[in-house]
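Q: I'd like to ask you about the structure that follows.
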Amino acid sequence: MSRSSPFQPIPAPTPAEGEGLGLSQLAGLLRRSWRWIVVPTALVTIGAVAFVQVVSPRYTGEAKILLESRDTAFTRSAQERSEQAQPIDEQAVASQVQVVMSRDLAREAIRRLSLAGNAEFDPNVAGIGPLQRALMMIGLAKNPMERPPEERILETYFDRLTVFPAGKSRILTVEFRSQDPHLAAQAANTIAELYIASLDAAKTDTARYASTWLGGNIEALRTRVAEAEAKVETYRAKNGLIATGGAAGQPLGAQQLGELSTQLSQARTAKADLAGRAKLIKEMIKDGRAFEIPDVANNEIIRRTVEQRITLRNQLALESRTLLAGHPRIKELTAQISDLDAQIKATAERVVRTLENDARIAEARVESLGAAVDAQRDVVSKGNSSEVQLRALEREAKAQREQLESYLSRYREASARDAESATPADARVVSRAVTPETPSFPKKLPIVFLAAVLGLLFSMGGIIAHHLLRDPDGSGRRRRSESDADAAFERPQAFSQPFAFPEASLAMARQGEGTAAPLATSPAAPLPEAETGTRNLKDTGAGTAPLQATRGPARGRDDADTYDLDQLIARLRAGSGPGNTDMGRRVLVVETSPARRETAGLAASLGGTLAAHANAVVLDLNGPACGEEEVGLTDLVAGEAAFLEVIQSVPGSRLHAISRGFLDVEILTEEPQALGITLDALGEAYDWVVCRLGAPQTRAARAILAAAGAHMDTVVIASDRDPEDAALVDLYERAEASGAGQVLVAQDLAVSQKAPRQPAYETDEAMPLRLSAA
C-alpha cells in the first residue's frame, strides 16, 4: 500500500498567493476578534460622551448679505444709463469674502464689540503664565502685553469667524461663534454692518477723490483752451484767413472763389440759352412760322397784326366767291395781307437780333468771369499752406475744448456723489442674526455616533492590518519559509497541551520500534468470538443497541498502561468502513472523562503505540484553544493555515500531532466538506489518523461527532461508566447515527479490575478491556 511520507504530507487547498483575505475569511476574522473591536469602540464612545459633557458649548450667530448693484437710473450718469450693468460673477463673490475677512474690518469689529478684555478672546487678560514669563526672561518669547489689544485678539477672532458664499448664489453667509449666544448674534450683525459701511465709504471716497482731481485739472485745462483759441485767431488774422462766419467757416478767398465759380456757370448757361433761342427763331422764320415764335406771339403789336391778318383773309375768302383774282378788291385784300406778313417777319427778325445781342453780352460776361475765377484761384492756392497750419491749431483748440467740457461734466457728477449716502452700497443685509438657543458645538449625538463609528472602523482596520502584516499572502497566518517547514519534522517541537504522553507510553513506543512489525503491514489477526456475557444497553427510546463484551488473549504489558491497546488495535484493523481502502485508518476516540495526570488519554496512548510501527498522526478536535500565534486543525479547515504549519512532531517519537487551533471549533461543523477533505488528505499521507474528541456531553462535541463520524472507520468511546448508563447509551447511538464503520466502547483497566466479576466472562483476561460493537 503506497502512501506519501508523513514528512511530506499533502497540503490542503489554501488561498492563492497574493489574493489576500476573502469575504468569508474577513467575516470570520472579525467574528473571532470581536473583543478587540467591542472594547476599543466602547472606550472611544465613552470618551466621546465625556468630551461632549465637559467641553464648553459654543453658539453661532449667522447673518446673510446679498451682493447686488443698487444704482438707479437717477443716480447714474447719462453714459452709465446707456450701458448695461456688469453681473457679479463667482470671482467677485470670492473677492468680497476676503474683504469681509480683512484685518482693517476685523480691528473695527473688535473695537465695536469691546472684545479687548474678554477672556474668551484675549487669553492674556488674566495675566502671563510662569512658563511664558521664563521664556520672556531668557529672550525666547516676547511680552504679549506690548502688542495692541486688537492685535492679540485677531487670531482668535479669525478662528471664530467664518464667511462663505451660499452655494453658487450671490449671498454671503457670515457666521461668528462664541460661548455667549448674545455676543455671537451681535458680532455677526456688526460685521455685516461694517462691511456694508465699508462699501459705502469706498464709493464715497472714490467720488470725492474724483471730484478733487477733476477740480484741480479743470482750471489748468481752461487756461490751455484759452491759449489754443487765441493762437488760432492770431494766425488767421496774420495770414488773412478771415472767416466769414458762414456755416462752413471757410476763409474769405475760398468763399469768393466759390461765388465766382457759381456766376461763371450761370453766365455760360445764359449764353447757351440765348444762342439756342436765336437759332430756333431763324429756322422758324425761314419756314414762315414767325407768328409761332413765343416772343413774337407774345408781342401786343404782333398780336393785333395777326388778328388783322386773320380778318383780311376772311374777307378775301368771302370776296373770292364772287370776284376773280384780277379784281381790284381781291388785289387790295391780298396786298394788305402781304403787308401784315412783312410786319410779322420784321418783328421776328427784330427778336432774333435781340437774342443775338444778349448772347454776345453773355459771352463777354463769361470771359470776364473766367478771368476773375483764374485770378481768385491763384489767391486761394497761395493761402492753402497757411490754412493747413490753421486747421492744426483749430484741431488742438477743439480737443482742448472737448476735454474741458468732459471734465466739467464729470466734475458735476462726482460733486453730486460726494455727499454722504449719495450712492448706496452694492450689498444689503437680507437676514440679520438672531440670538441662537441651541449650541452649534458640540453636537452631542452626531459626535458620539461618529466617534463610535470611527472607533469601530479603526478597530476593524487595525485587526485586518495586523492580520495582513503577519500574513501578506492571505493564508491567515505568518508565512514560513520552506527550510522552516522542513525543519518542523527534523527537530523536536513541544506538543500542545491537549495531549499528554507519559514516559511509559513513549518508552513503550521506542521499545516497539525495534521488536514489533508495523501494524499497517501485519496481517489482521482474527478475534475470538464472545462465548458468553452478552449484555444489552439500556433502551433509550430510539432503539436498543447491544454491546458485546469480547474476550481476547491477554498480552504482557507495562503497569503504566491503562488500556489493553493490543486487542483494541486488532479490532481497529479488522473493522470495515469508509476508510477501509488504500487510505490510512481513521479512528475517532471519544473520551468521556479527562485523563489523569499520571496517565495519558486513550487517543494519546493509542497514537503513541501506533507511531512505533507505522506513520500516525493524532488530531485534537475540541481541546483547549491555541495561542494567537499558533495554528491548528480549525485554522486548517478554515483555509487560514497550511498542513506544514499545523503538523507538529512529538519529542522522542515518530508520532505527529495537530492541535485544535486558534479558531473556534464551530468551524468544523460549519465546514463539513472542508473537514472531510482534510481528513482524506491526512489519510493519504498517514497509515493511522487518530482523532480525539473530549467532553462529548456538550452540544459542540455532539455536532463535531455527527460531522466527523461519517469520515471515520471506527469510533471508540472511552468510558468508565456502566454499559446501561443512559448517557453512554445516548452517546453510542449518536456515534452509530454519524455513519462510522464500527463503534467500540473501551474501559480503563483500573476501573475494570475494581468492578465485580460478571458471570458472562469465562476468564479474567477478558475483563480488563471491554469492547462492544454493534
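The values are calculated or read from the model by the stated rules, or taken from the named source; none is laboratory data. Predicted model only: the values in this text are computed from it and were never measured. Virtual Cβ from ideal backbone geometry, glycine too; neighbours counted across all protein chains shown. Heavy atoms of the whole protein, side chains included, go into the accessibility calculation; ligands, DNA and RNA do not. Shrake-Rupley method; radii C 1.70, N 1.55, O 1.52, S 1.80 Å.
Q: Filter region 719-733 down to residues that are surrounded by fewer than 18 Cβ atoms within 10 Å (Cβ to Cβ) and not in a helix (DSSP H, G or I), then give me how many there are. If you could, list the steps in order and put the result at the bottom.
A: Applying the first criterion (surrounded by fewer than 18 Cβ atoms within 10 Å (Cβ to Cβ)) to region 719-733 yields 720-722, 724-727.
Subset that is not in a helix (DSSP H, G or I): 720-722, 724-725.
Counting residues in region 719-733 that are surrounded by fewer than 18 Cβ atoms within 10 Å (Cβ to Cβ) and not in a helix (DSSP H, G or I) gives 5.
Q: How many residues are farther than 20 Å from I569 by Cα and touching a strand residue (DSSP E or B) at 6+ places or on another chain (Cβ under 9 Å) if we restrict to region 682-707? Even if it seems obvious, please write down each step before you answer.
A: Narrowing region 682-707 to residues farther than 20 Å from I569 by Cα: 694-707.
Then drop every residue that is not touching a strand residue (DSSP E or B) at 6+ places or on another chain (Cβ under 9 Å), which leaves 694-696, 701, 704-705.
The qualifying residues number 6.
Q: When E666 is evaluated against the numbered criteria (1) closer than 27 Å to R35 by Cα; (2) open to solvent by less than 40 Å² (accessible area, probe 1.4 Å), which criterion, by number, is the only one it fails?
A: (2)
Okay, residues lined up against (1) acidic (D, E); (2) farther than 30 Å from E62 by Cβ; (3) not in a helix (DSSP H, G or I):
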| position | (1), (2), (3) |
| --- | --- |
| H182 | no, no, no |
| A185 | no, no, no |
| A188 | no, no, no |
| A197 | no, no, no |
| D200 | yes, no, no |
| T204 | no, no, no |
| R208 | no, yes, no |
| S211 | no, yes, no |
| G215 | no, yes, no |
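Q: Select from region 16-33 the residues that are open to solvent by 70 Å² or more (accessible area, probe 1.4 Å) and in a helix (DSSP H, G or I) and write down the one among them that is modelled with the lowest pLDDT.
A: Residues of region 16-33 that are open to solvent by 70 Å² or more (accessible area, probe 1.4 Å), as a first pass: 17, 19, 23-24, 31.
Narrowing further to those that are in a helix (DSSP H, G or I): 23-24, 31.
Working: L23: 72, S24: 64, R31: 80.
Per the stated criteria, the residue is S24.
Q: Are any residues in region 151-170 farther than 15 Å from V125 by Cβ, open to solvent by 30 Å² or more (accessible area, probe 1.4 Å) and in contact with a helix residue (DSSP H, G or I) (Cβ under 9 Å, 6 or more places away or on another chain), and if so, which ones?
A: F158, F164, P165, K168, S169, R170
Q: In addition: Of the numbered conditions (1) touching a helix residue (DSSP H, G or I) at 6+ places or on another chain (Cβ under 6 Å); (2) among the small types (G, A, S); (3) open to solvent by 30 Å² or more (accessible area, probe 1.4 Å), S178 fails exactly one; give the number of that condition.
A: (3)
Q: Tell me which residues, restricted to region 34-69, are more than 28 Å from P439 (Cβ to Cβ), part of a helix (DSSP H, G or I) and aliphatic (A, V, I, L, M).
A: Passing the criteria: I37, V38, V39.
Q: Okay, moving on. So A141 passes all but one of these: (1) within 30 Å of A94 (Cβ to Cβ); (2) touching a helix residue (DSSP H, G or I) at 6+ places or on another chain (Cβ under 8 Å); (3) of a type in the set (G, A, S). Which condition number does it fail?
A: Single failed check for A141: (1).
Q: Output the residues belonging to region 182-216 that are over 23 Å from E68 (Cα atoms) and of a type in the set (S, T, N, Q).
A: Q186, S211, T212
Q: Across region 136-150, which residue is modelled with the highest pLDDT among those that are open to solvent by 60 Å² or more (accessible area, probe 1.4 Å) and not in a loop (DSSP other than H, G, I, E, B)?
A: M137
Q: Return yes or no: is K398 more than 28 Å from R236 (Cα to Cα) and open to solvent by 30 Å² or more (accessible area, probe 1.4 Å)?
A: Working: more than 28 Å from R236 (Cα to Cα): no; open to solvent by 30 Å² or more (accessible area, probe 1.4 Å): yes.
So K398 does not fit the description; no.
Q: Do we have L264 as at pLDDT 80 or above and open to solvent by less than 30 Å² (accessible area, probe 1.4 Å) here?
A: yes
Q: If you go through region 366-383 one residue at a time, do you hit one that is modelled with pLDDT of 80 or more, over 30 Å from A228 (Cβ atoms), among the charged types (D, E, K, R) and surrounded by fewer than 14 Cβ atoms within 10 Å (Cβ to Cβ)?
A: Yes, because at least one residue in region 366-383 is modelled with pLDDT of 80 or more, over 30 Å from A228 (Cβ atoms), among the charged types (D, E, K, R) and surrounded by fewer than 14 Cβ atoms within 10 Å (Cβ to Cβ).
Q: Which condition breaks for A706 when tested against (1) without any contact (Cβ under 8 Å) to a residue 60 or more places away in the chain; (2) open to solvent by 20 Å² or more (accessible area, probe 1.4 Å); (3) outside any helix (DSSP H, G or I)?
A: Failing condition for A706: (3).
Q: Please work out which residue is nearest to the chain's Cα centre (by Cα), limiting yourself to region 312-334 and to residues that are surrounded by 14 or more Cβ atoms within 10 Å (Cβ to Cβ) and of a type in the set (V, I, T).
A: My answer is T334.
Q: Related question: For residues that are part of a helix (DSSP H, G or I), open to solvent by 70 Å² or more (accessible area, probe 1.4 Å) and not charged (D, E, K, R), tally how many sit in region 221-243.
A: Step one: filter region 221-243 for residues part of a helix (DSSP H, G or I), giving 221-238.
Add one more test, that the residue is open to solvent by 70 Å² or more (accessible area, probe 1.4 Å), and what stays is 222-224, 227, 229, 231, 233-234, 237-238.
Restricting the remaining residues to those that are not charged (D, E, K, R) gives 223, 234, 237.
Residues in region 221-243 being part of a helix (DSSP H, G or I), open to solvent by 70 Å² or more (accessible area, probe 1.4 Å) and not charged (D, E, K, R): 3 in total.
Q: Continuing with the same structure: Going by the conditions given, is S440 of a type in the set (S, T, Y) and under 33 Å from the mean Cα position of the chain (by Cα)?
A: Numbers: of a type in the set (S, T, Y): yes; under 33 Å from the mean Cα position of the chain (by Cα): yes.
It is true that S440 is of a type in the set (S, T, Y) and under 33 Å from the mean Cα position of the chain (by Cα).
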